[in-house]
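Heads up, the thing below is written out as structure tokens.
Please treat every number below as a calculation from the coordinates, not as lab data. If you're wondering where the values come from, they're calculated on a predicted model, not measured in any experiment. Backbone-built Cβ (ideal geometry, glycine too); neighbour counts: all protein chains shown.
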Amino acid sequence: MFEGMYTALVTPFDGGKVDEVVLRRLIREQIDAGVTGIVPCGSTGESATLSHGEHETVISISIEEAGDDAKVIAGTGSNNTGEAIELTRYAAEAGADGALLISPYYNKPSQEGLYSHYRAVAEGSSIPLVLYNIPGRTAVSLQPETVARLAQIDNIVAVKEASGSLDYAMRVMQLAGDSFTILSGDDTLTLPLMSIGGKGVIAVTANIVPEAMCDLVSAALSGDYDVALDTHRRILPVMQAMGMETNPGPVKAALAMMGKIKEEFRLPLVPMADDSKQQLEAVLLAAGLLED
């Protein structure tokens, strides 16, 4: 259902507020580049610091701009199950194609708690749901057995996998079956994951090089791994640079260097350190994304 290349969209700010004009422009650029879809209000979109009103605004703008040209998987996760249900219901009513739900962070629930959380959200909404396994941010990992249990729920259709372990991904594939989709949550592992059965990526790097990310995923899906590998190698330094500091620091800095947004964050996030920013600029120059 959700195979392809999805952009983990940044949320542009201006003077402490969501810059709706720039947000619309960024979305149109992604659609013009041929992305399968966009994912607003995820980690890259600084969802943790968006108010409920802002969350709804970003989702509604994304759906409006995407229209029939791209899918929208709205980030609606929370460590408060009731809040996640509420946000997911809003996304469904607004017309989102699906919702991305991060595992509850800070609470450190058991596997049974994780199962019950996701099941409650699924029962509270009819739209397709994508689980999000990123233990580096949540302090808990969705075990493959738990993913397989959740995959039996009709509207839980995929997982965004960001544990960094291909062994984990293969175990999920074995237990959940071919009808359940695995999308990469680590840009640099997109090609390796797709080579063992993954169906695409929700990518940070696509904010900067959407066409190249689309080419990589399209080639891998069609089995043309020579083209996919060439593309992977060409943009690997850019993908790696997105991890220089905590996301979305590098991607927002890069977009600012490219003249697309203001480099503005919500505390507790702050701009990149000067030395990191210099390294990032060098990568972008080498990739031909900046004028020398």
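Quick rundown of the values:
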| read-out | value |
| --- | --- |
| Label-point separation in nm, Leu285 to Arg137, each point 7 Å along Cα→Cβ | 3.1 nm |
| Spatially near lysine pairs across region 4-224, Cα under 23 Å, sequence gap of 8 or more or different chains | 4 |
| Set of aspartates and glutamates near Lys262 by C-alpha distance (under 14 Å), chain-local residues within fewer than 8 positions excluded | Asp14, Asp19, Glu20 |
| Virtual paramagnetic centre 7 Å along Cα→Cβ of Glu29, amide N under 11 Å, in region 256-288 | 256-262 |
| Ranked Ser47, Ser141, Ser222, criterion: other C-beta atoms within 10 Å, fewest first | Ser222, Ser141, Ser47 |
| Sequence of Leu267, Leu101 once ranked by neighbouring C-beta atoms within 10 Å, starting from the fewest | Leu267, Leu101 |
| Region 4-224: equivalent-ellipsoid semi-axes (sqrt of 5 x gyration tensor eigenvalues, Cα, Å) | 25, 22, 15 |
| Order of Lys277, Lys262 - criterion: other Cβ atoms within 10 Å of each residue's Cβ, fewest first | Lys262, Lys277 |
| Span from the region 160-214 Cα centroid across to the region 139-157 one, whole angstrom | 16 Å |
